[in-house]
Amino acid sequence: MIALLKRDLALSVRAGGGFGLALAFFLIVVTLTPFAVGPNSATLSTIAAGILWLGALLSCLLSLDRILALDYEDGALELLATAPIPMEGVATIKALAHWLTTGLPLTLAAPAFGVLLNLPPEGFLWLTISLAIGTPALSVVGTFGAALTVGLKRGGLLLSLIVLPLYVPTLIFGAEVARRGAEGMAFETPLALLAGITLATVALLPFASAAAIRINLR
Amino acid sequence: MELIVSDLAVVRGGMRVLEGVNFRVSSGTALVLRGPNGIGKTTLLRTLAGLQLADEGAVAPGPEAMAYASHADGNKGTLSVSENLEFWASLHGVDDISVALREFNMEALEARPAGSLSAGQKRRLGLARMAVTGRRIWLFDEPTVSLDVDSVALFADAVRRHLGQGGLAVIATHIDLGLEGEVLQLGPFKAEAPEDHHEDFHEAFL
């Protein structure tokens, strides 16, 4: 399974691998927002946490259909299914590789991008923490969506429609943690819920993803 | 070791394509599957490999003894030849890829990205993957597509060496590889077309 992780990470940094795509999209969203809503720094700092979370979520969404579709098209997914590792393991590793190439860079870059949106200084820590806790759920749920649509041509639209409602709880609680953190309010409840969602999806969804992949390979 | 297939019925898209398939392949021999296009050679091989569920019947041993080479090779164009092989090898818990590289004459191409290989070279890389799986039963689906005469001979030699080490192989192919073993015509196992469902059809509208 380590071999699969290493291969997926190597593929993502090689030509056409898509590493940096999410980060570039995130940067675009964040730099364009002040142009759209105006340079009023009070307005910006109010919406900063929400925009940063929304940007992170959309950039995550952008690369979801690559998680499994490429391996499906060139036959590698079939061969992985015959290899001596469980499909649940493949689904977990795929989600982990996706998080390492999108969620983690986004989390690390978010404080720098927060400056562009005039995020209050108290907000940086909690924005980073909420992203670090919340983005794994985005990758795991995304892998599940990718598994459901893996055999479909142009499944990207359907994938977004399936995944978006499932992203809503993470977005609500993630943005809430960042916002409350920035305003110095109590954030324990949304933080606990955010962590709970991530832990539950990480624990349960790989099984669903594996079942969906198996059915789609038949 | 022996591959025993008894009373197997295979389905494709919800329809039975083959039924009552019986054969045995013993250690050191290869079974060649023949039959017209669409008869179900690929479906049979996929069922043996465990990618599809059989409608009926049994295959012994199970999919964990099989290595399957389909039409698609599953190798990545941006990884080099040796990186691709090393990935499959470590996935199957095998350390050494040098034998596979040598058997399929890929040593000179080792560092080339797989995407820059010719169609025949890509095919050879796909077949070399079988040698790093460490599995006893090799299943091939049209392995010689886009291979030249020398590469076909190279492939036949590799399979022969595998058979010599007590392995076995099931190969769907239309050319004569000169291997020890039998030929199975799949024509007689073709599933009967389902009965007319006229009555059900009318019932559905009642």
Using DSSP, restrict attention to beta bridges with both residues in the protein assembly as shown and report what percent are antiparallel, rounded to the nearest 5.
-> 50
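Can you compute the helix-only [θ] at 222 nm over the protein assembly as shown? Use -39500 (n - 2.57) per DSSP H run of at least 4 residues, normalise by all residues, nearest 500 deg cm²/dmol.
Rounded to the nearest 500, it is -18000 deg cm²/dmol.
For chain A, with only Lys/Arg (+1) and Asp/Glu (-1) charged at the beta-carbon, what is the dipole magnitude about the Cα centre, in debye rounded to 20? Kindly include the intermediate steps, with their values, before the conclusion.
Details: 11 positive and 11 negative charges, 70 e Å.
About 340 debye.
Do the alpha carbons of any pairs in A:Lys153/B:Lys190; A:Lys153/B:Lys76; B:Lys41/B:Lys122; A:Lys94/B:Lys41; A:Lys94/B:Lys76 sit beyond 25 Å of each other, and which pairs?
In this structure, A:Lys153/B:Lys190; A:Lys94/B:Lys41 lie more than 25 Å apart at Cα.
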By how many degrees, between 0 and 90 and to the nearest 10, does the Cα long axis of helix A:41-62 differ from the longest principal axis of chain A?
-> 0
Any aspartates and glutamates whose Cα falls less than 13 Å from that of A:Lys6, other than same-chain ones fewer than 8 residues away, would be B:Glu83, B:Glu86
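Averaged over B:69-75, how many beta carbons belonging to a partner chain fall within 10 Å of each residue's beta carbon?
5
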Ranked output for segments A:45-58, A:174-187 by mean other Cβ atoms within 10 Å, highest leading, reads A:45-58, A:174-187
Of the DSSP beta bridges with both residues in chain B, give the percent that are antiparallel, rounding to the nearest 5.
-> 50
At q = 0.10 1/Å the base-10 log of I(q)/I(0) from the Debye formula over the alpha-carbon atoms of the protein assembly as shown is -0.77
Helix axis angle, A:123-148 relative to chain A longest principal axis, alpha carbon, degrees = 30
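Computed from the coordinates by the stated procedures, all read-outs in this text should not be read as laboratory data. Because the structure is a prediction, the values reported are computed rather than measured. Methodologically, a virtual Cβ is constructed for each residue, glycine included, from the backbone with ideal geometry; neighbour enumeration extends over all protein chains shown.
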